[in-house]
1. Compute the Cα gyration tensor for the chain, then decide on rounded, prolate or oblate, letting a ≥ b ≥ c be the square roots of its eigenvalues: rounded whenever a/c is under 1.5, prolate when a/b is larger than b/c in the other cases, and oblate in all that remain.
2. As an exercise, use a Förster radius of 45 Å and the Cβ-Cβ distance of residue 148 and residue 33 to find the FRET efficiency, rounded to the nearest 0.05.
3. For a quick check, take a GNM of the chain with Cα springs below 10 Å and name the residue from 89, 161, 138 with the largest mean-square fluctuation.
4. Looking only at segment 69-107, which residues have a backbone nitrogen under 16 Å from a spot 7 Å from the Cα of residue 42 in the C-beta direction?
5. When a/c reaches 1.5 or more, the comparison of a/b and b/c decides; with that in mind, is segment 1-48 rounded, prolate or oblate per its Cα gyration tensor?
6. So between residue 155 and residue 184, what do we pick up on full extension, going 0.36 nm a residue minus the alpha carbon distance?
7. Classify segment 94-157 from the C-alpha gyration tensor, please: rounded if a/c falls under 1.5, else prolate or oblate depending on whether a/b exceeds b/c.
């Protein structure tokens, strides 16, 4: 299972998002082989992020679990290299097209091209509709991970399912057991 962490042009890495939050240990304790690579810290495009991931991932079909803005990278990977993604989990997908969020991202220095998207940044809804692998969605419900994004994904991605909600890491209220349970039950 590959864990693609969230964040976009901010101080975030796999250690903070997945390891310290307890997700890697929870999955490994259940016998799951886990790879949690760091994303590029200041990419100029989603394609650059995909190239980076391809360089560090095993060359076999994988279950990919992505959090927040990492969902854009994971979907881009699944669209551009469907042979590499066997199953896809979009956890707390970051909302695209919200003027407040886009303005915040611009202030962080995020390139304009990385803000483009319909339901998700970096991908067109038509591309989402063509995904062939099983897709599960872990909902979030805050300004960055809006409920409208979950509802749109469930409409656009054929056969997608919604898993149990939980706060995202590294929020203090995040409980890794909730996410690990949901991932293990869906991934069987």
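1. On the way: a/c = 1.25, a/b = 1.20, b/c = 1.04.
Rounded shape, in that the Cα axes give a/c under 1.5.
2. Efficiency, rounded to the nearest 0.05: 0.80.
3. 161
4. Counting backbone N atoms under 16 Å from the label point, the list is 105-107.
5. Details: a/c = 4.21, a/b = 1.99, b/c = 2.12.
Because a/c hits 1.5 or more and a/b fails to exceed b/c, segment 1-48 counts as oblate.
6. Details: separation 29, 0.36 × 29 = 10.44 nm, distance 2.40 nm.
Here the answer is 8.0 nm.
7. Values: a/c = 2.62, a/b = 1.52, b/c = 1.72.
It comes out oblate by the Cα gyration axes.
Only the coordinates and a few stated rules stand behind these numbers; no lab work does. This one's a predicted model, so the numbers in the text were calculated from it and none came from an experiment. Every residue, glycine as well, gets a Cβ built from its backbone with ideal geometry; the counts of neighbours run over all protein chains shown.
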